[in-house]
1. Can you tell me which of L224, L216, L197 is part of a loop (DSSP other than H, G, I, E, B) and in contact (Cβ under 8 Å) with a residue 40 or more places away in the chain?
2. Between a first residue in segment 237-253 that is touching a residue at least 24 places away in the same chain (Cβ under 8 Å) and under 14 Å from E350 (Cβ atoms) and a second residue that is in a loop (DSSP other than H, G, I, E, B) and more than 12 Å from the ligand (Cβ to nearest atom), which pairs have beta carbons less than 6 Å apart while being 6 or more apart in sequence or on different chains?
3. So for segment 153-170 (the condition being more than 24 Å from P338 (Cβ to Cβ) and in contact with a helix residue (DSSP H, G or I) (Cβ under 6 Å, 6 or more places away or on another chain)), does at least one residue qualify?
4. Any idea which of A240, A199, A186 is over 19 Å from the mean Cα position of the chain (by Cα), of a type outside the set (S, T, Y) and within 16 Å of the ligand (Cβ to nearest atom)?
5. For E229, indicate whether it is modelled with pLDDT under 95, assigned to a helix (DSSP H, G or I), away from the ligand (no atom under 15 Å from the Cβ) and surrounded by fewer than 23 Cβ atoms within 10 Å (Cβ to Cβ).
6. Considering every residue within segment 146-163, establish whether at least one is touching a Gly at 6+ places or on another chain (Cβ under 9 Å) and either farther than 26 Å from A50 by Cβ or within 16 Å of the ligand (Cβ to nearest atom) (or both).
7. Test each condition in (1) within 23 Å of the chain's Cα centre (by Cα); (2) closer than 30 Å to L187 by Cβ; (3) more than 16 Å from the ligand (Cβ to nearest atom) for H166 and report the one that comes out false.
Amino acid sequence: MGLLLVVAGCPGDSSPKADGALPEPLPELLEQAKPARDKARLVRIDVYGAGAADAAGTRVVLLFEGAPLFHQKQLPAQGILPARVAIELEDVEWGDSVPVSQAVNTGGLQRVRLATPNPRVVLDLRPGAPGRVFYLTDPYRIVVDVSAGSRRRKNRRPLVVLDPGHGGREPGAANDRHGLIESEVALDLAELTASRLRAIMPRTRVMLTRSTDVGLSLEERCALANAMEADAFVSIHLNASSEPVRKGGVATFVLDTTNNRQALRLAARENGTRVAEVTGIQSLLAKYHRRSQAEGSLTLAGKIQRHTLKRGRSVLPKLANRGVRRAMFYVLVGARMPSVLVEASFLTYEPEARALTRANYRRALADGIASGIASYLLAR
Ligand SMILES: [Zn+2]
């Protein structure tokens, strides 16, 4: 399936053009969007970020069984109707548990509702709040990101969101021999990073997307960072390979298009999707990515990579440098702040796996990640 539809901005809203991030609609791609004609079913509508007080944005995720054919329309305010994003669905049924109307009233979004005669999902927006629409696969999701606009205040304390990868029913990679599970190690690293960051940058607020072994959707993770207007989003993972690993190492990723086969395989694993899906979606998604944000991500990635490697080498002197790389990680899609994904070590490389069973190596990696983030925040 080769498409991603990216459209943005309500008619009459001038701000989205400012950073050159919001492309024109791509009608020619709609043709490619046509999925197999099995009837799709709208299973759920999730609204993320609305829990944050005074949210800077919300994310609405329509979850489907099967792949729907859809069109999206951006409708201006008209009479008593506010500006809207309408997702028009063809040949789609929906489950009884999908609420007909959900009031949100924060983050630029007033309400999400189902409408007929054509089955469609309508988002009623606040004035001037643009909504951007894209989709992800496996399972099929239509995502609408609504922005309430920045309310960044002077002297606001910096906010960092740390995202321990996986959790709940998705443990990620594992090393059975050493009893290492990626979701557990990532959570531990995130907690260690948070406490280190609080110690070296007392003014900085640090939030974790999860603090227990619960599952979170990839969309939910960066939605929180967007809603809170975070200054940095760092997703923490451990690398693994089904093939023998000769040197392991640390790598830090930013979102980008890539045709590098290894990066695609890694992205597919972290996304829980197939390599073909990643290739199909990546090039169009790149247009959804803002240039200024991409530059900030590269800077943040460079600092995290350098510091993590340095601290890691204090325990494992031969720890390999896999460098800053680009890959199509769903968890980073739509993030409005510099955002990176760290693969802090290899669970399937014996020396690193053994080191990861010890507190001093975990602490060294976490100190490195924290120093990298601090160095980025100080240099802004
Ligand atoms: Zn992972």
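The values are calculated or read from the model by the stated rules, or taken from the named source; none is laboratory data. Small disclaimer: the values here were computed from a predicted structure and weren't measured. So basically every Cβ, Gly included, is an ideal-geometry build from the backbone, and we count neighbours across all protein chains shown.
1. Working: L224 fails: part of a loop (DSSP other than H, G, I, E, B); L197 fails: part of a loop (DSSP other than H, G, I, E, B).
After applying the criteria, what remains is L216.
2. What qualifies is A240/T348; S241/T348; V245/T348; V245/Y349; K247/A320; G248/A320; G248/Y349; G249/A320.
3. no
4. Values: A199 fails: within 16 Å of the ligand (Cβ to nearest atom); A186 fails: over 19 Å from the mean Cα position of the chain (by Cα).
Being over 19 Å from the mean Cα position of the chain (by Cα), of a type outside the set (S, T, Y) and within 16 Å of the ligand (Cβ to nearest atom) holds for just one of A240, A199, A186, which is A240.
5. No; evaluated as a whole, the condition is false for this residue.
6. The answer is no, given that none of the residues of segment 146-163 is touching a Gly at 6+ places or on another chain (Cβ under 9 Å) and either farther than 26 Å from A50 by Cβ or within 16 Å of the ligand (Cβ to nearest atom) (or both).
7. (3)
Residue-wise test of (1) within 28 Å of T273 (Cβ to Cβ); (2) touching an Asp or Glu at 6+ places or on another chain (Cβ under 6 Å); (3) touching a residue at least 12 places away in the same chain (Cβ under 8 Å).
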position	(1), (2), (3)
T299	no, no, yes
G302	yes, no, yes
Q305	yes, no, yes
L316	no, no, yes
G323	yes, no, yes
F329	yes, yes, yes
V340	yes, no, yes
